[in-house]
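The structure appears right after this line, and notes come after that.
The values are calculated or read from the model by the stated rules, or taken from the named source; none is laboratory data. Computed from a predicted structure; not experimentally measured. Here the Cβ positions follow ideal geometry from the backbone for every residue, glycine too, while neighbour counts run over all protein chains shown.
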Amino acid sequence: MTDSSSSDIPRLGWFGSVKSPKLKSYKKQASNTPSGIWKKCSNCAEILQTSRLKENLNVCPYCDHHFRVNAIERLEMLVDKDTFEEWGSELRTTDPLEFVDKTTYKERLATAYENTGLHDGTLSGLAMIGGHQVALSLMDFSFMGGSMGVVTGEKIAFGLEKALEYKIPAIIISCSGGARMQEGLLSLMQMAKTSSVIRKLKNEGIPYFSVLTDPTTGGVAASFAMLGDVNFSEPKALIGFAGPRVIEQSIRETLPEGFQRAEFLCEHGFIDRIVHRHNLKSDLIFFIETFNH
C-alpha cells in the first residue's frame, strides 16, 4: 500500500499543475472576430458567407430567397458601369408639421442619415442599361422603411418628367412601406403628383416599367408602383395596400394562402411578370428594345 500510494504522488502533482482553460480570454478573442462575415437566411436558416451571398446578388443559393438590397447595390446590379447621373441630390426633407411621436421627426431623419448616409430614401437619375438610356428611380428600404415623403415624390416625379422630356423609358424600383406618416397629407399628395406624370408618359407612348420588390405597400403600391406598362416583381415579394391582419380584421374573413405575395398577384392579373433577380437586367433590356421598335 505504501509503495502504491507513493507512486501516485508525482502523477497527482503533474495533474495539479495543469491550469484551467482561460475562458475569458477565448471570449475576448471571439469578440475581436470581424462581424458581417456570415449571414443567416431568414427563410431556410442556412448560414451563408456574406461575400458569396453578395456575388450571388444577395439571393440565397439554397432556397432562392431574395434578400433586400439597398439602392446603391441595386444600381450596381442593373446599370451599365459608371453611367448613373443623379438628379435632385441637393433636395432635403424638412419637418413641415413639426411631427412628434416617441421622438421628433427631425431626430428620426438624423438617425436615418447616420445609418445610411442618405438624406432621403430615393435615388433618381439618368442611366444606361444595356446601352439604352433610361430615367431611373430607386427606393431604399433602409431609409425609414423606404417611406414616401415630399422629397421622394419630387424625385420620382422629376425622373418621370425627364423621361417625358428626353423621350426615353422610365423605370422605378419600388421598395417601400408606403406614405410617410410624419408628413401627413403632404406625403399622400405625392400619389397624385407621380400618377399624373405617368399619364402624360402614356399619352406620349413613352414606356414606363415598374419593378416591385419586397415590400411594396401602402400609398406607393396604390399609385406609381402599379401603373407600369409592364409591372415586374421579384419572387415572393410582399405587395399590397393594407397589411393582411388589418384586412382580416376589417372583412372578418381568413385570407387565402400566399395572399399579397407576388405569385398570388400574378395569378390574378395585378403583376405581369415575376423575374428572378439574376434575370432582371436582361428582361428590362428586352422590353426596352421591344418598345423602342
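Observations
- Some residue of the range 229-238 being crowded, with 18+ Cβ neighbours inside 10 Å, among the basic types (Lys, Arg) and under 20 Å from the mean Cα position of the chain (by Cα): no
- When every residue of the range 61-81 is checked against the conditions, none turns out to be without any contact (Cβ under 8 Å) to a residue 40 or more places away in the chain, farther than 28 Å from Arg261 by Cβ, of a type in the set (D, E, K, R) and in contact with an Asp or Glu (Cβ under 6 Å, 6 or more places away or on another chain).
- Hey, Glu98 over 18 Å from Thr152 (Cβ atoms), part of a helix (DSSP H, G or I) and either without any contact (Cβ under 8 Å) to a residue 40 or more places away in the chain or not hydroxyl-bearing (Ser, Thr, Tyr) (or both) or not: no
- Verdict on Met144 being surrounded by 23 or more Cβ atoms within 10 Å (Cβ to Cβ), under 17 Å from the mean Cα position of the chain (by Cα) and farther than 11 Å from Ser124 by Cα: yes
- Those residues of the range 194-250 which are hydrophobic (A, V, I, L, M, F, W, C) and more than 30 Å from Ser42 (Cα to Cα), in sequence order: Val197, Ile198, Leu201, Ile206, Leu227
- Restricting the first member to the range 201-220 and to residues that are among the acidic types (Asp, Glu), and the second to residues that are in a helix (DSSP H, G or I) and surrounded by fewer than 20 Cβ atoms within 10 Å (Cβ to Cβ), the beta-carbon pairs closer than 9 Å and six or more apart or on different chains are Glu204/Leu164.
- Check on Ser137, within 28 Å of Leu53 (Cα to Cα), touching a helix residue (DSSP H, G or I) at 6+ places or on another chain (Cβ under 7 Å), modelled with pLDDT of 95 or more and assigned to a loop (DSSP other than H, G, I, E, B): no
- Looking only at residues of the range 166-194 that are part of a helix (DSSP H, G or I) and touching a strand residue (DSSP E or B) at 6+ places or on another chain (Cβ under 6 Å), we find that the one that is surrounded by the most Cβ atoms within 10 Å (Cβ to Cβ) is Gln190.
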